[in-house]
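Asks: Handing you a structure now.
Here, each number is a calculation from the coordinates, and none is a lab measurement. Bear in mind that the values here come from a model prediction, so they are computed numbers and not experimental data. Because the Cβ atoms are built from the backbone with ideal geometry, glycine has one as well, and the counts that use them run over all protein chains shown.
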Amino acid sequence: MATETIAARGSSLRTWLVLLIIWEICGRLQLIASGALPAPSSILMRLWIDRADYPPHILATLEGAGVGFLIGNGIAVAAGVLFALFPMAARLGRGVNIALFALPAIAISPLLVLTFSDMTPRIILAAIGCYFVTMSSTVTGISQTDQRMIEVIRAYGGGRWKILVLAQMRSALPAILSGLRIAAPNAVLGSILAEFGGGGRYGLGVYLIGSLGRAEPDRLWGIGLAATLIAGLAYAVFSLIALRFTGATKAVTVPATAPGGATMSWPLWLRLLLSTGSVVIPIALWWLLLIAMGTPAMIAKTPLGLFEYLFLQPNSQASQMKLLAALGQTLPLTIAGMALGIAFAFGLALMSVLRPGIIRGFMPVALVTQTMPLVALTPLLVLILGRGPSLILWITISVTFFPAFVTMAQGLSMVPRAALDVPRAYGASLFTQLRLVSVPASLPYLFAATRLAVPRALLGVMIAEWLATGTGLGNLLNQSRGYLDYGMIWAVAVVSVLLSVVFYQCVVLIERPVLARRGMRAAQ
Amino acid sequence: MTGPSGIRLDTVSRSFKGRGTTVQALDNVSLDCPAGSFTALIGPSGCGKSTLLRLALGLDQADSGEVSIAGLAPMDAARAGMTGVAFQDAALMPWRSVEDNIALPLDVLGQPRRDNAAKIASLIDLVGLAGFEKALPGELSGGMRQRVAIARSLVTNPQVLFLDEPFGALDQILRRQMNVELQRIWIASRATTLLVTHGIDEAVFLADRVAVMQSKPGRITRIIDIPLMRPRGPDVFTSAEFHRLEDEIAGALNGH
């Protein structure tokens with residue numbers, strides 16, 4: 001066993017060395033995209049030359065990301081507990097949750113910079129980047145608590161609070177930690193995205209934007225590597241903590257009792273009321289926030305102002321046409337990218353069980369694509385793939401698959417040993433075990449992963465459109481920023497949120513009957 | 001005659017709806033366990049034994065009829081710390097050590113663990129797990145886990161004890177040992193005990209009375225008194241009277 005691990009480590013180390021050498025050769029000979037991919041040695045040399053520049057930038061980014069991480073996750077765990085314990089609150093909060101998740105960071109970053117000053121926009125975007133992942137994994141963890149433990153506590157007269165403290169929080173811990181480990185790179189990205197929007201002299205994002213125009217790919221890569229390193233370290237820390245807890249939480253046997261609890265048997269009027277509430281609350285919050293902050297009406301469009309812009313003004317017709325045309329370009333690619341990203345994540349999750357060695361080697365690469373700011377990667381990707389739809393698909397897959405993969409792999413790794421022993425005893429191959437036990441047993445996680453991936457796909461398409469192809473909603477957003485067409489910025493942001501919500505609801509519609517038929521409960 | 005710590009079920013019915021069918025798990029079941037008595041509940045799978053137990057524990061509500069524990073509603077009795085329970089499935093928390101799992105009811109009831117440290121240690125000794133105090137459930141065998149669950153059921157000095165096939169996972173030898181031990185504990189504590197079991201020998205050995213259940217719909221068809229003297233030693237298992245009682249229960253299970 002030990003020798004196997006060492007051998008696997010040795011082989012993945014070898015893979016890395018080979019990759020590094022190929023990279024060095026390509027960089028030296030300027031084989032890829034005529035120098036857009038510099039050699040590792042020249043990136044390192046450049047890092048050394050620039051070494052005095054980095055500390056203030058890194059510290060500034062860390063500050064924004066760190067404070068945002070704390071605030072965002074604090075709110076997320078509290079909200080997750082609330083939603084898990086009170087299904088009605090979950091129903092009411094759904095609109096806000098999905099809206100926060102689908103909120104395109106690139107769209108609100110300029111708006112935030114105009115409204116707030118200093119660190120605040122970075123903290124807000126970092127916090128928003130953390131919120132949904134951590135909130136939904138908290139809910140998943142709590143609602144998947146072994147029913148038998150809850151029964152023991154209830155048999156001794158323990159109420160909701162005792163159940164939460166003694167069983168649910170502890171058994172949700174691995175899920176929360178796996179949420180935090182996605183949230184950590186998200187916080188770094190959120191901070192950097194806010195830095196792109198302007199404001200402040202320091203931050204890796206500021207540094208990157210400043211270096212973008214100077215045709216120095218080695219410096220861009222250096223900044224990218226620094227950002228990657230920070231995000232990767234944050235990810236690694238939470239992975240280690242999670243590893244420590246997952247083993248002790250794995251149930252020894254499979255619970256035979258069906259997951260009970262409150263089945264959704266609310267009367268129709270209440271369900272309608274809650275659905276209406278979940279739609280109204282985010283709109284009300286949007287309105288209230290703008291009033292509370294006193295942003296000038298020119299910049300900040302209230303729902304009413306947006307309606308006026310899209311339907312009542314003389315150039316409303318033109319605005320509508322622009323929006324619809326952009327939508328027509330964005331939608332098909334989003335659906336395709338979504339499907340590919342999820343399929344890729346699922347394949348990877350299966351691989352993590354079938355061939356853990358390969359995944360160990362691949363994970364760092366995956367992490368790099370997650371944490372390396374797309375702005376730094378995009379020039380290279382454009383030169384390799386051109387400015388066509390295939391570029392959009394690649395970028396979309398790369399932003400979609402990672403969170404989906406982590407959630408799916410988590411579900412697969414939570415399958416109890418005893419459940420796998422039965423097929424194993426009949427000589428089932430690993431693949432058969434996956435098909436018969438692991439995949440069905442982790443279905444709630446697979447669906448949760450899909451729901452997680454869906455809005456990200458739209459975000460990926462929009463980022464690619466903004467940065468590279470100059471088409472669709474992403475481009476419209478960018479153009480409107482240039483024309484100071486705030487109405488259109490708001491319109492695009494709202495339309496993209498609505499689209500995300502529609503996609504999300506589609507998954508829920510499939511998920512519910514599938515899980516109900518198997519006597520499972522959805523992992524919120 | 002419900003004494004201060006008796007178990008009483010009065011014409012209790014409970015049905016379950018699932019996938020288009022309705023199962024009458026319990027149909028007008030009445031059962032009276034006087035304070036300090038030991039009642040065994042025996043019957044084929046699916047006859048409603050576990051449902052009955054869940055109602056008595058307050059984990060489930062009856063459609064009709066009344067359940068009271070020592071004159072209280074089941075949940076109130078549980079909150080007062082009067083009850084103890086060991087489930088068929090050990091249902092231990094995988095992240096808690098043996099000690100901590102045994103102390104769980106104290107944590108739920110908000111009783112300080114310090115005052116009960118000696119009690120916990122003696123329970124660990126009693127179920128033969130000395131030396132495993134700090135072990136996690138994942139490191140124990142099935143039988144050991146079950147013994148932890150039994151120790152846990154006794155930690156509150158319960159006046160009313162519910163045992164849901166607690167020795168189902170143990171081997172026959174250990175099971176007999178545990179039966180003798182349980183009798184000893186029970187004679188010392190005189191807790192009103194309701195034991196759900198599949199083992200006829202276990203029921204005869206331990207109980208004052210054996211209630212035989214039948215399914216479809218779930219109901220109690222006979223109550224057989226066990227007039228064996230206490231304390232019953234291991235030699236009771238081979239006595240003629242013991243075998244006669246076993247045969248009588250087997251007959252009742254077959255509908256005679």
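Asks: What's the long-distance tail for chain A, i.e. % of Cα pairs beyond 29 Å?
Replies: Considering chain A, 54 percent of its Cα-Cα pairs are separated by more than 29 Å.
Asks: Based only on the alpha carbon positions, what is the Kirkwood hydrodynamic radius of segment B:50-132, in angstrom? Show your work: numbers first, answer last.
Replies: Details: mean 1/r = 0.0685 Å⁻¹.
By the Kirkwood definition, the hydrodynamic radius is 14.6 Å.
Asks: Treating each Cα of segment A:62-121 as an identical point scatterer and ignoring solvent, apply the Debye formula and state log10 I(q)/I(0) at q = 0.13, 0.15, 0.22 Å⁻¹.
Replies: -0.46, -0.60, -1.00
Asks: Related question: With all pairs of different alpha carbon atoms counted, what Kirkwood hydrodynamic radius in Å does segment B:196-236 show?
Replies: When all Cα pairs of segment B:196-236 are included, the Kirkwood radius is 11.3 Å.
Asks: Let me ask another. Please report, in Å, the Rg and the Dmax of segment B:136-206, where both are computed over Cα atoms only.
Replies: Rg then Dmax for segment B:136-206, in Å: 12.0, 34.
Asks: A follow-up question, please. Sort out the exposed loop chymotrypsin sites (Phe, Trp or Tyr not before Pro) in chain A (DSSP loop, at most 12 other Cβ within 10 Å) and tell me the longest stretch that has none.
Replies: Between exposed loop sites, the widest span is A:1-425.
Asks: Also, quick follow-up: For every helix of n ≥ 4 consecutive DSSP H residues, a contribution of -39,500 (n - 2.57) applies; sum these over chain A, divide by its total residues, and give [θ] at 222 nm rounded to the nearest 500 deg cm²/dmol. Spell out each step's value before the answer.
Replies: Details: 22 runs with 405 residues, N = 524.
For chain A, the value works out to -26500 deg cm²/dmol.
Asks: Given B:G218, B:L109, A:L270, which one lies farthest toward the positive end of the charge dipole of the protein assembly as shown, if we put +1 on the Cβ of every Lys and Arg and -1 on the Cβ of every Asp and Glu?
Replies: So the residue we want is A:L270.
Asks: Among A:M351, A:M298, A:M462, B:M178, which comes first, then next, by fewest other beta-carbon atoms within 10 Å?
Replies: So the ranking, lowest neighbour count to highest, is A:M298, A:M351, B:M178, A:M462.
Asks: Among the lysines, select those whose C-alpha is under 29 Å from the C-alpha of A:K322, and discard any that sit fewer than 8 residues away in the same chain.
Replies: A:K301
Asks: Would you tell me the mean number of C-beta atoms belonging to other protein chains that fall within 10 Å of each C-beta in B:91-101, as a whole number? Intermediate values should be presented prior to the final figure.
Replies: Values: counts 13, 7, 12, 12, 9, 4, 0, 0, 0, 0, 1.
Mean number of neighbouring Cβ atoms from other chains: 5.
Asks: Let me ask something else about it. For chain B, count all C-alpha to C-alpha pairs, find those more than 24 Å apart, and express that count as a whole percent of the total.
Replies: Percent of Cα pairs beyond 24 Å in chain B: 47.
Asks: Taking one equal scatterer on every alpha-carbon of segment A:396-484, how large is log10 of I(q)/I(0) by Debye at q = 0.26 1/Å?
Replies: Debye output, listed in q order: -1.11.
Asks: Something else: Across every pair of different alpha-carbon atoms, what Kirkwood hydrodynamic radius in Å does segment B:1-153 reach? Each step should come with its number before you reach the end.
Replies: Working: mean 1/r = 0.0580 Å⁻¹.
The Cα-based Kirkwood calculation yields 17.2 Å.
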